[in-house]
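Data first, discussion second: the structure below is written as structure tokens.
The values are calculated or read from the model by the stated rules, or taken from the named source; none is laboratory data. Quantities reported herein were computed from a predicted structural model and do not represent experimental measurements. Cβ atoms come from the backbone with ideal geometry, glycine included; neighbour counts cover every protein chain shown. SASA here: full protein model, heavy atoms, side chains in, ligands and nucleic acids out. Shrake-Rupley method; radii C 1.70, N 1.55, O 1.52, S 1.80 Å.
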Amino acid sequence: QVQLVESGGGLVQAGGSLRLSCAASGRTFTYDRMGWFRQAPGKERGFVATITWSSGTHYADSVKGRFTISRDNARNTVYLEMNSLKSEDTAVYYCAAATRYSGTYYDPRLYSYWGRGTQVTVSS
């Protein structure tokens, strides 16, 4: 059974940091594109960051310079380091895996596997 399990969310003050982890199991994700998305109450799920199998990265403009995505293929784990957090970063954060590279990396429809999400709340 393929699973993506996020962890590391929580409550943090504005300006603080959190590190999210996404542990993958059930298949090898080494060559997959991995991504982080987020969804705030009343809003659509939006792209945050993505990383290719060779560690090429892309970020949403809103998080560029503050968030860093990385991966440890030996551990089948993807990370999202979040610094200088703002109240507008409050959302449920989802990890996702795409088995193909054709398509638009920020489109959720590209991704075949999804975790259940972890809540990040930033207090101002």
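Here are the numbers for the structure shown:
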item	result
Rounded to the nearest 10 Å², the accessible area of residue 81 at probe 1.4 Å	70
Placed amide H near residue 99: partners under 5 Å, 5+ positions off or other chain	112
Distance histogram for the chain (every C-alpha pair counted, 10 angstrom bins, percent rounded to whole numbers)	14, 50, 30, 6
Size of charge dipole - the chain - debye, nearest 20, with Cβ of Lys, Arg +1 and Asp, Glu -1, no other charges	160
Rg/Rh ratio calculated on Cα atoms of the range 45-110 (Kirkwood radius)	0.94
Accessible surface of the chain [probe 1.4 Å, protein heavy atoms]: carbon and sulfur percent	45
Karplus-derived 3J(HN,Hα), 6.51/-1.76/1.60, for each residue of the range 16-32, Hz, glycine and proline x	x, 9, 9, 10, 8, 10, 9, 9, 9, 8, x, 6, 8, 9, 3, 9, 7
Farthest positive-ward along the range 6-124 dipole, Cα basis, beta-carbon charges - from 80, 69, 111	111
Backbone HN-Hα couplings from phi across the range 63-73 [Karplus 6.51/-1.76/1.60, Hz, Gly and Pro as x]	10, 4, x, 10, 10, 9, 9, 8, 9, 10, 5
With all protein chains modelled, accessible area of residue 79 [1.4 Å, Å²]	40
Whole-Hz ³J(HN,Hα) from phi, Karplus 6.51 cos²θ - 1.76 cosθ + 1.60, for the range 33-40, glycine and proline x	7, 10, x, 10, 10, 9, 9, 8
Probe 1.4 Å, accessible area per residue of the chain, Å²	52
Distribution of pairwise C-alpha distances over the range 6-59, 5 Å bins, in %	4, 14, 18, 26, 21, 10, 5, 1
Accessible surface of residue 36 - all protein chains present, 1.4 Å probe, nearest 10 Å²	0
